[in-house]
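The values are calculated or read from the model by the stated rules, or taken from the named source; none is laboratory data. Fair warning: this is a prediction, and the values are worked out from it, not measured in the lab. Neighbour counts are summed over all protein chains in view; Cβ atoms, including those assigned to glycine, are modelled from backbone coordinates with ideal geometry. Surface areas here come from the heavy atoms of the whole protein model, side chains and all, with no ligands, DNA or RNA. Shrake-Rupley method; radii C 1.70, N 1.55, O 1.52, S 1.80 Å.
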Amino acid sequence: MEWVGDSRLAAGPEAAWYLEAAFTAGAQLGTVYDDPTTPVVVTGIEELTTIRVPSGRLVVDAPWDDDEVWHYERGLPTRPPRELALRIPPGVYRVEIAWTAGPYEFMGEHVDGIECAATRFCISDDHVVGWEMGLSVEDDIDRLQPGEVPRFFSDANVGCFADAGAWTALSAPFRTFIDGVPAPRDTEQLADGCERVRDASMQADLVTFGAESGGVVWLGRTETGNVAAIVVTSGLPGAKA
């Protein structure tokens, strides 16, 4: 049976176009700010790393919240992470980043203008036929207002994928503060400033990625309705997706 999604969650034409174009090498996503003659082009898709999700429950959120630092320092309860309502098969998955370039001049110097267009959690290589917003376990579709896009927020422009079952241990290095200042953390350094935390006891991981002002989570569904990809785009208001 062909998948038919809920129209309240479906990506609009502009968002759907962006989600496809962002992972198409050579596609033009727009033009450089204040310079309509210089295109912003997708230069390539980079496999950042792999991530283990043995519980089949996935968190897509910021690894820490600046508003909760006082709670972290005192060991007080904090809000739960933004765990997706979607369940995925336990396993190991690829994390990929789509890069764009939009060169410009700044104070007389040439700048490459390399930016992350989107980050993708790959579940399968099956063809995606439609996109819909990824709700969390706390979201209620019946309470969504027209035009409302659920998202996570990040003052530090950092997001992460993580196994929800091991969230407390995996997020701990990012939630250790001394007098309001982050303590040095012993994490695995990945390319492009990203990090990974491994939990040996649960065989689970957390992987960070750049997330401007947080991010919007999109589910890419196949003809049968299975989710083949989870994509995070910019959390900035007014972004195409």
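Summary of values
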quantity	calculated
Single residue of region 130-165 satisfying the filter (aliphatic (A, V, I, L, M) and within 14 Å of the chain's Cα centre (by Cα)) that is surrounded by the most Cβ atoms within 10 Å (Cβ to Cβ)	162
Residues of region 26-58 that turn out to be more than 30 Å from residue 201 (Cα to Cα) and either within 19 Å of the chain's Cα centre (by Cα) or open to solvent by 70 Å² or more (accessible area, probe 1.4 Å) (or both), as a count	10
Of all residues in region 1-32 being of a type in the set (Ser, Thr, Tyr) and closer than 24 Å to residue 141 by Cβ, the one that is modelled with the highest pLDDT	18
Pair list, Cβ < 7 Å and 6+ apart or interchain, from region 58-72 residues that are acidic (Asp, Glu) to residues that are open to solvent by less than 20 Å² (accessible area, probe 1.4 Å)	61/152; 61/159; 61/160
Unique match (being modelled with pLDDT of 95 or more and either among the hydrophobic types (A, V, I, L, M, F, W, C) or farther than 19 Å from residue 232 by Cα (or both)) among 63, 81, 89, 103	89
